[in-house]
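*Asks:* What follows is a structure written as C-alpha cells; I'll ask about it next.
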Amino acid sequence: MKLSKLLERIENYEIYGKEVTITNITDNSQKVKKGSLFIAIKGLTVDGHKYIKQAIKKRARAIIGEMEFNKEWGENITYVKVSDSRKALGIAASAFYGYPSEKLKVIGVTGTDGKTTTTTMLHHILEKQGYKVGSISTVSAKIGREIYETGLHTTTPGPLALNFLLKEMVKKNYEIAILEVTSHGLDQKRVEGIKFYGAILTNITKEHLDYHKNFKNYVNTKLKLFKRKELKLVVLNKDDRNFNLVKSQIKQDVKLYTYSLKDSKSDFFAKLLSTKDLIIEFEIKHLGKKYKAKSPIFGEYNIANVLASTAVAHHLKVNKKTLKKATETFRLPKGRAEEIKNDKGFRIFIDFAHTPSSLKKLLISAKKLLKKDSRLICIFGCAGERDTTKRIYMPKIATKYAQVSIFTAEDPRREKVSDILSVMENAVLKSNVKKINLKNLGKKNNKQKGNVFLTIEDRGKAIFYAINRIAKKGDVIFVLGKGHERSMNYNGIEYYWSDKEAVLEALRKKIFKLSHVQKI
C-alpha cells in the first residue's frame with residue numbers, strides 16, 4: 001500500500017522523502033522488516049523514538065514520529081512528522097486494513113464493571129436473532145467459530161490487532177462488531193480511527209487511579225467514547241452517579257436508551273422476582289409493557305447487564321421471543337462466577353471481581369448461596385503498582401460480608417507482596433475482625449465466632465489451604481481477582497497462572513506454584 005494512502009486522514013503532518021510502498025505497519029522495533037512503516041510511540045516506560053535508527057537498519061521504508069527529521073538517517077528513508085504518534089497509528093492501522101469499522105456497526109461497551117458480561121451477552125442475543133456478529137472482549141475475540149486470544153492483561157487490543165480482527169469480520173460478511181473499550185484504550189488512542197455506531201455505559205466507579213491520577217480524569221476519559229460525532233445509539237445506566245454528566249455530552253440526534261434497577265421510569269427497568277441458586281428470575285418493563293425473564297446468571301447486579309444488552313437488541317429489532325430464549329440460554333463468560341465442580345461437599349467459584357464495587361456486589365449475592373451454618377470464604381489480593389486505595393477498601397468489604405477472608409498475592413509486579421498485604425491487614429485490624437494464622441487452622445476454627453481473616457502470601461497455597469484445611473461441607477469459596485487471566489506478574493515478568501488450574505490442583509491435594517511453569 002502507498003504511504004500516501006495511509007496518511008490521507010492524518011492532519012497536519014510534514015513529510016521528508018519520497019513516496020514509498022508499505023508492506024506492513026508496526027510500533028515495535030523488534031518486528032520491523034523490509035518494507036515496514038515503523039511508528040515511534042512515546043510509551044509510559046519506553047520511547048519508541050530511541051529505536052528509529054534500529055528500524056532503519058532493519059530496512060524500514062518509512063517512519064512516523066513526533067521528533068524533528070534527522071538528516072543523519074540518510075536519504076533512503078521517508079519520515080513523517082506528526083503531532084501525535086498514537087493517533088497516527090490508529091488512523092494508519094485503520095487505513096492499512098481498509099477502514100473495516102466503516103463496514104460494520106461497531107458497538108463499544110465501556111464502564112468499570114460488567115463490560116465483558118455485557119459484551120458476551122449482547123453477542124449471544126444478536127447471534128440468536130441471526131445477525132452475523134463478532135466480539136472483542138477481555139476474555140477473547142470471537143469471530144464465528146474462531147477464537148483469538150486478546151492478551152494477558154490488556155482489555156482493548158492495540159490499533160493494529162484491533163483493525164486486523166475487524167477486517168476478519170468484514171471478510172466473513174459480518175454486520176456487527178461488539179468491542180469492549182477500556183479507559184486505557186481510550187486514553188492511549190487504541191480505538192482512534194474506529195467508527196462507532198453505538199456505545200454502552202455500564203457504570204463508573206473508582207478504578208485505575210494509579211494511571212489516571214484522579215477520579216475526574218478517569219470519568220473524562222470514559223466520556224471520550226460518548227462525545228464521538230458518528231454515534232447513532234447510546235445506552236446509559238440511570239443508576240450510575242455519573243449518568244447526568246454523561247448524558248449532557250451526547251448529541252441531540254443520538255438515540256438514547258436508559259436502563260435501571262431502581263427507576264421504573266427508565267426505558268428499560270427490571271425488578272428481581274426470585275433467586276434460586278444460579279437462576280435469577282426477573283421482570284422487565286419497557287414502553288409500559290412487562291414480561292418475565294430468567295437467566296442462569298449469578299448476582300442481581302448482572303440483571304443490569306441484561307438490560308443494557310436488551311436495549312441494544314431492541315434497537316436492532318430483535319424480537320421478544322428470541323430475546324427471552326437468548327436470556328435463558330446465556331452463560332456467563334469464562335472466569336465470571338465460574339463454578340468448579342467437586343465432590344467435597346462445598347462449592348468453589350472463580351471470578352474477576354477486582355474493584356471495591358464489584359467485590360461488594362459479588363459478596364452480597366454470594367451470601368444468598370449459603371445454607372444454615374455454612375460460611376462464605378473469599379480469597380483475593382490487591383495488585384501491585386496500581387490504585388493503592390483499594391488496599392484499604394477491599395479488605396474492609398471482604399471481612400464485612402465473608403466469614404473467612406484470605407489475603408494473598410495478585411500481580412504484585414515490582415512491589416513486595418508482604419508490603420501490600422501489610423496495608424490490607426492494617427485496614428481491618430482495628431475492627432472486630434479476628435486475625436488467625438496457619439498454625440491454628442484446625443477443626444476448632446470451623447466453629448468460629450465472628451468473621452476472621454488470615455494472610456497467605458503464596459496464592460497457590462492460599463487456595464490449597466482454603467480447600468483442604470478451612471472449608472467444610474456447605475461452605476462457599478470464591479477465588480477473586482484473576483478470573484479468566486492466564487498470568488501473574490512478579491517483578492515485571494509475566495508467569496503462567498490460572499486460578500482454575502490452581503483450584504483443580506488443590507482438589508487433588510497439590511499446590512499450584514509459579515515455579516512449576518515457564519515464563520511467558
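*Asks:* Run down Gly17, Gly48, Gly65 and say which single residue is more than 34 Å from the chain's Cα centre (by Cα), surrounded by 13 or more Cβ atoms within 10 Å (Cβ to Cβ) and not aliphatic (A, V, I, L, M). Show your work before the answer.
*Replies:* Values: Gly48 fails: more than 34 Å from the chain's Cα centre (by Cα); Gly65 fails: more than 34 Å from the chain's Cα centre (by Cα).
That would be Gly17, the only listed residue that is more than 34 Å from the chain's Cα centre (by Cα), surrounded by 13 or more Cβ atoms within 10 Å (Cβ to Cβ) and not aliphatic (A, V, I, L, M).
*Asks:* Pick out, from region 83-184, the strands (runs of 3 or more DSSP E) lying fully within it that include 1 or more residues that are touching a strand residue (DSSP E or B) at 6+ places or on another chain (Cβ under 7 Å) and without any contact (Cβ under 8 Å) to a residue 60 or more places away in the chain. Steps first, please.
*Replies:* Values: elements: 105-110, 133-136, 141-143, 146-148, 176-180.
Passing ranges, in order: 133-136, 141-143, 146-148.
*Asks:* Let me confirm something: among Lys367, Lys320, Lys325, which residue is assigned by TED's automatic domain parsing to the domain that holds Thr117 and without any contact (Cβ under 8 Å) to a residue 40 or more places away in the chain?
*Replies:* Just one listed residue meets the conditions, Lys320.
*Asks:* I've got another one for you. Please verify whether Val428 is touching a Pro at 6+ places or on another chain (Cβ under 7 Å) and either free of Cβ contacts under 8 Å to residues at least 60 places away in the same chain or not assigned by TED's automatic domain parsing to the domain that holds Phe298 (or both), treating the condition exactly as stated.
*Replies:* Values: touching a Pro at 6+ places or on another chain (Cβ under 7 Å): yes; either free of Cβ contacts under 8 Å to residues at least 60 places away in the same chain or not assigned by TED's automatic domain parsing to the domain that holds Phe298 (or both): yes.
Yes.
Here is a yes/no grid of residues against (1) within 25 Å of Tyr496 (Cβ to Cβ); (2) part of a helix (DSSP H, G or I):
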site: Lys360; (1), (2): no, yes
site: Lys367; (1), (2): no, yes
site: Lys371; (1), (2): no, no
site: Ile392; (1), (2): no, yes
site: Val423; (1), (2): no, yes
site: Ala427; (1), (2): no, yes
site: Lys439; (1), (2): no, yes
site: Glu457; (1), (2): yes, no
site: Ala466; (1), (2): yes, yes
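*Asks:* Ala60 - would you say it is more than 26 Å from Lys195 (Cα to Cα), assigned to a helix (DSSP H, G or I), in contact with a Phe, Trp or Tyr (Cβ under 6 Å, 6 or more places away or on another chain) and not assigned by TED's automatic domain parsing to the domain that holds Leu186?
*Replies:* Details: more than 26 Å from Lys195 (Cα to Cα): yes; assigned to a helix (DSSP H, G or I): no; in contact with a Phe, Trp or Tyr (Cβ under 6 Å, 6 or more places away or on another chain): yes; not assigned by TED's automatic domain parsing to the domain that holds Leu186: yes.
Here the answer is no, as Ala60 does not meet what is asked.
*Asks:* In region 494-509, is there at least one residue being acidic (Asp, Glu), modelled with pLDDT of 95 or more and surrounded by fewer than 22 Cβ atoms within 10 Å (Cβ to Cβ)? Show your work before the answer.
*Replies:* Initially, region 494-509 is screened for residues acidic (Asp, Glu), giving 494, 499, 501, 505.
The next check asks that each one be modelled with pLDDT of 95 or more; those that pass are 499, 501, 505.
Checking which are surrounded by fewer than 22 Cβ atoms within 10 Å (Cβ to Cβ) leaves us with 501, 505.
Yes: one or more hits.
Condition check ((1) within 15 Å of the chain's Cα centre (by Cα); (2) basic (Lys, Arg); (3) at pLDDT below 95) across all residues:
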position	(1), (2), (3)
Ser140	yes, no, yes
Arg145	no, yes, yes
Thr154	yes, no, yes
Tyr197	no, no, no
Leu201	yes, no, no
Tyr211	no, no, yes
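*Asks:* Additional query: Within region 445-459, is there a residue that is modelled with pLDDT of 95 or more, among the acidic types (Asp, Glu) and either under 24 Å from Lys334 (Cα atoms) or touching a Ser or Thr at 6+ places or on another chain (Cβ under 6 Å) (or both)?
*Replies:* Looking for residues that are modelled with pLDDT of 95 or more, among the acidic types (Asp, Glu) and either under 24 Å from Lys334 (Cα atoms) or touching a Ser or Thr at 6+ places or on another chain (Cβ under 6 Å) (or both), one finds at least one in region 445-459, hence yes.
*Asks:* Let me ask something else about it. Given the options Asp277, Asp267, Asp240, name the one that is under 20 Å from the mean Cα position of the chain (by Cα) and among the acidic types (Asp, Glu).
*Replies:* Values: Asp277 fails: under 20 Å from the mean Cα position of the chain (by Cα); Asp267 fails: under 20 Å from the mean Cα position of the chain (by Cα).
Of Asp277, Asp267, Asp240, the one residue that is under 20 Å from the mean Cα position of the chain (by Cα) and among the acidic types (Asp, Glu) is Asp240.
The values are calculated or read from the model by the stated rules, or taken from the named source; none is laboratory data. It should be emphasised that the depicted structure is a prediction, and the values quoted were computed from it without experimental measurement. In this analysis, Cβ positions are derived from the backbone assuming ideal geometry, glycine residues included, and neighbour counts consider all displayed protein chains.
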